[in-house]
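One structure below.
The values are calculated or read from the model by the stated rules, or taken from the named source; none is laboratory data. These numbers were taken from a predicted model, which means no experiment stands behind them. All Cβ positions, even for glycine, are placed from backbone atoms using ideal geometry, and neighbour counts span all protein chains on display. The accessibility values were calculated without ligands, DNA or RNA, using every heavy atom of the protein model including side chains. Shrake-Rupley method; radii C 1.70, N 1.55, O 1.52, S 1.80 Å.
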Amino acid sequence: MNAVSRSSLATLALIFLSFGDGLAADPPPRGALAREEFKIAAVIDGREHTLEALAVYPPGDGPFPLAIFAHGSPRGGPAAFPFVVPHGFIPQMEEFSRRGYASVIVMRRGFGDSTGPVAEFQNVCDGADHRHTTREGGKDMRAAVTALRERPKLDMSRFIAVGYSTGGMAVLSMAREHIEGLAFVFAFAPARGSRGPNDTCNPSALVAAMEEIGRSSRAPAAWIYTANDSFASLPLARRMHAAYVAGGGVAELIELPAWGGDGHFLFSRAGIP
């Protein structure tokens, strides 16, 4: 499994969670953290786009190691994408910032207040091309990382990526080629194509997309699922993970017990404990 064995991934995850300078016996309270809203100019396929971003910083002047976040996609399709806003992820971001990270979430093309067409949506189900949509999400995140290197409060020599749902797919795709400074990827319920509870569009293509990413993945990762995730069932998650590893990717599949009414929403304020 490449240079990093499965047995060491859990230890690596704990190391990277305590990567920054702020992990002490008593992490700073949420009220001590600072927020900043800004726009970044990201060049994707030769075109410049303006992407909405929000940062949560630990106390102090930095620079701080970066934790870049990638959001998910609602089932409602493009009509619902403008309502995916960065403020909904502040509680999760704060947990990383209390541990010394500058947490930055970037809205991909067509989401929130970011410009450009929605590159990750296809108005088909049985023939959904998950390889294409996953590549597009990865392009956005790679472009965001490039743009963020210009920000002086961020230490880009050591950073992690955190993705939720389709954002998990995006950060895994982002890491399919070497990115300087990227140390670890946390993918919470990486999935795509859910049109209803336990109903995924073209799941075989989703598995194929993960195998493709695994062939050129360059960062170790932890995939985190719950037993009652209606967007990505554990049997499908296991198929995706097996394909990713067969392709050469290094990732540990972490299976958690059922959580709440739908474990897909573990990555939320309510799931933080």
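Based on what the data block shows, is A219 in contact (Cβ under 8 Å) with a residue 12 or more places away in the chain, assigned to a loop (DSSP other than H, G, I, E, B), open to solvent by less than 30 Å² (accessible area, probe 1.4 Å) and under 21 Å from V162 (Cβ atoms)? For A219, the condition - in contact (Cβ under 8 Å) with a residue 12 or more places away in the chain, assigned to a loop (DSSP other than H, G, I, E, B), open to solvent by less than 30 Å² (accessible area, probe 1.4 Å) and under 21 Å from V162 (Cβ atoms) - is met. Apart from one condition, A205 fits all of (1) under 19 Å from the mean Cα position of the chain (by Cα); (2) among the small types (G, A, S); (3) surrounded by 19 or more Cβ atoms within 10 Å (Cβ to Cβ); the exception is (1). Residues in the stretch 186-195 that are within 21 Å of G248 (Cα to Cα) and in a strand (DSSP E or B): F186, A187, F188. What about G100, is it modelled with pLDDT of 90 or more, under 23 Å from A147 (Cα atoms), in contact with a Leu (Cβ under 6 Å, 6 or more places away or on another chain) and not hydroxyl-bearing (S, T, Y)? Yes: the conditions hold for G100. When the stretch 82-108 is limited to residues that are open to solvent by 10 Å² or more (accessible area, probe 1.4 Å) and of a type in the set (F, W, Y), the one that is farthest from F186 (Cα to Cα) turns out to be F83. Restricting the stretch 158-180 to residues that are free of Cβ contacts under 8 Å to residues at least 60 places away in the same chain and open to solvent by 10 Å² or more (accessible area, probe 1.4 Å), the residue that is farthest from T133 (Cα to Cα) is E180.
Put simply, of I213, I272, I224, I254 the only residue that is buried (at least 24 other Cβ atoms within 10 Å of the Cβ) and β-branched (V, I, T) is I213.
Just one residue in the set A147, A183 is small (G, A, S) and not in a helix (DSSP H, G or I); that residue is A183. No other residue among D113, D140, D61, D126 is of a type in the set (D, E), in contact with a strand residue (DSSP E or B) (Cβ under 7 Å, 6 or more places away or on another chain) and either assigned to a loop (DSSP other than H, G, I, E, B) or surrounded by fewer than 21 Cβ atoms within 10 Å (Cβ to Cβ) (or both) apart from D113.
Filtering the stretch 196-216 to residues that are over 21 Å from P257 (Cβ atoms) and not in a helix (DSSP H, G or I) leaves G196, D199, T200, C201, N202. Residues in the stretch 1-51 that are open to solvent by 80 Å² or more (accessible area, probe 1.4 Å), modelled with pLDDT of 90 or more and assigned to a loop (DSSP other than H, G, I, E, B): D45 only.
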